[in-house]
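K.L.:
If you scroll down you'll find the structure; I have some questions about it.
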Amino acid sequence: MDTSGEQNEIKKKRYGILGGTFDPIHNGHLFIAQTAMEELQLDKIMFIPNRVSPHKTTEKVTEAYQRLIMAEIAVIDHDKFCVSSMEINRKGPSYTIDTIQELVKENPNTDFYFITGTDVFMELDTWKNHELLLKLIKFVVVTRSGFSYIDLDQKIKYLKEKYDGDIVKIKIPSLEISSTDIRNRVEMGRFIKYLVPDGVKNYIIKHKLYSD
Ligand code: ATP
Ligand code: MG
């Protein structure tokens with residue numbers, strides 16, 4: 001049997017990854033994941049809550065298991081969204097390079113697309129081993145309100161030229177939703193319905209998160 005030729009080549013899978021603190025996960029996260037999935041024909045999206053963000057080591061953050069549960073609740077009715085506890089299960093700060101090396105090793109037949117908002121992407125060249133990271137995976141940066149398109153385009157150009165990075169920009173309708181705003185709203189007793197999935201809202205209320 002002829003094993004050469006295109007028709008016998010295994011089609012690579014295309015997985016999107018959305019990392020974050022997800023304190024809590026909100027509709028902005030779900031919207032950018034869905035948008036990236038459609039624009040880039042991704043097969044699935046993995047949400048990976050971090051244990052400790054290397055950029056937020058001094059901030060008070062909700063227990064990892066609660067952030068994980070809220071992420072699980074948020075994706076429950078989407079068959080192409082899933083949540084991974086791999087960063088939460090790993091000791092120490094959650095460096096993306098460690099996560100990616102593990103994923104690439106375990107999934108040799110998959111292309112990974114790491115999705116970030118502009119705020120996170122602008123700091124990419126401060127990340128541990130970002131040069132290697134840019135070789136291993138593709139980046140998808142989505143616009144975020146409050147951040148300049150010009151600065152973003154310059155950053156993309158710089159990273160492409162310096163590291164030969166594979167970077168795609170997706171312009172999304174700006175959604176001024178952030179976990180910070182949701183935490184503040186809960187603290188002030190204001191509504192968060194329509195900003196987070198109902199199940200996440202109920203979990204926040206039941207476990208009195210962000211209110212004490
Ligand atoms: P916080 O206010 O606590 O920083 P956050 O809303 O920024 O929370 P994170 O968990 O920090 O949420 O972000 C995870 C990823 O989602 C990051 O890449 C971030 O840029 C992106 N992101 C979050 N909200 C939006 C949004 N409204 N538009 C575009 N990108 C977003
Ligand atoms: Mg953030």
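Yes/no matrix, rows are residues, columns are (1) free of Cβ contacts under 8 Å to residues at least 24 places away in the same chain; (2) closer than 20 Å to ILE137 by Cβ; (3) away from ligand 2 (no atom under 16 Å from the Cβ); (4) outside any loop (DSSP other than H, G, I, E, B):
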{"residue": "GLY16", "(1), (2), (3), (4)": "no, yes, yes, yes"}
{"residue": "ASP23", "(1), (2), (3), (4)": "no, no, no, no"}
{"residue": "ALA33", "(1), (2), (3), (4)": "no, yes, no, yes"}
{"residue": "PHE47", "(1), (2), (3), (4)": "no, yes, no, yes"}
{"residue": "VAL61", "(1), (2), (3), (4)": "no, no, no, no"}
{"residue": "SER94", "(1), (2), (3), (4)": "no, yes, no, no"}
{"residue": "ILE97", "(1), (2), (3), (4)": "no, yes, yes, yes"}
{"residue": "GLN101", "(1), (2), (3), (4)": "no, yes, yes, yes"}
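Table: residues versus (1) charged (D, E, K, R); (2) modelled with pLDDT of 95 or more; (3) out of contact with any strand residue (DSSP E or B) (no Cβ under 6 Å at 6 or more places or on another chain).
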| site | (1), (2), (3) |
| --- | --- |
| MET1 | no, no, yes |
| ASP23 | yes, yes, yes |
| ASP43 | yes, yes, no |
| THR58 | no, no, yes |
| GLN66 | no, yes, yes |
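K.L.:
Scan the stretch 191-206 and report the pairs whose first residue is closer than 15 Å to GLU176 by Cα and whose second residue is in a helix (DSSP H, G or I) and not charged (D, E, K, R), with Cβ atoms within less than 7 Å and a gap of 6+ or a chain change.
P.N.:
If the second residue must be in a helix (DSSP H, G or I) and not charged (D, E, K, R), the pairs left are ILE192/ILE182; ILE192/VAL186; LEU195/ASN27; LEU195/ILE182; VAL196/ASN27; VAL196/ILE182.
K.L.:
Determine, yes or no, whether LYS160 is more than 16 Å from ligand 2 (Cβ to nearest atom), surrounded by 13 or more Cβ atoms within 10 Å (Cβ to Cβ), without any contact (Cβ under 8 Å) to a residue 12 or more places away in the chain and not acidic (Asp, Glu).
P.N.:
yes
K.L.:
Just checking, which of PHE139, PHE112 is within 16 Å of ligand 1 (Cβ to nearest atom) and in contact (Cβ under 8 Å) with a residue 60 or more places away in the chain?
P.N.:
Residue meeting the stated conditions: PHE112.
K.L.:
Check ILE73, ILE88 and return the single one that is assigned to a helix (DSSP H, G or I) and within 15 Å of ligand 1 (Cβ to nearest atom).
P.N.:
When all the criteria are applied, what remains is ILE88.
K.L.:
Next question, about the same structure. Taking the residues in the stretch 120-132 that are more than 14 Å from ligand 1 (Cβ to nearest atom) and either closer than 14 Å to ILE17 by Cα or touching a Leu at 6+ places or on another chain (Cβ under 9 Å) (or both) as candidates, determine which candidate is modelled with the highest pLDDT.
P.N.:
Looking at the filtered set, the residue picked out is HIS130.
The values are calculated or read from the model by the stated rules, or taken from the named source; none is laboratory data. For clarity, every value in this text was computed on a predicted model and none was experimentally measured. Reconstructed Cβ throughout: ideal geometry from the backbone, glycine too, with neighbour counts over all protein chains shown.
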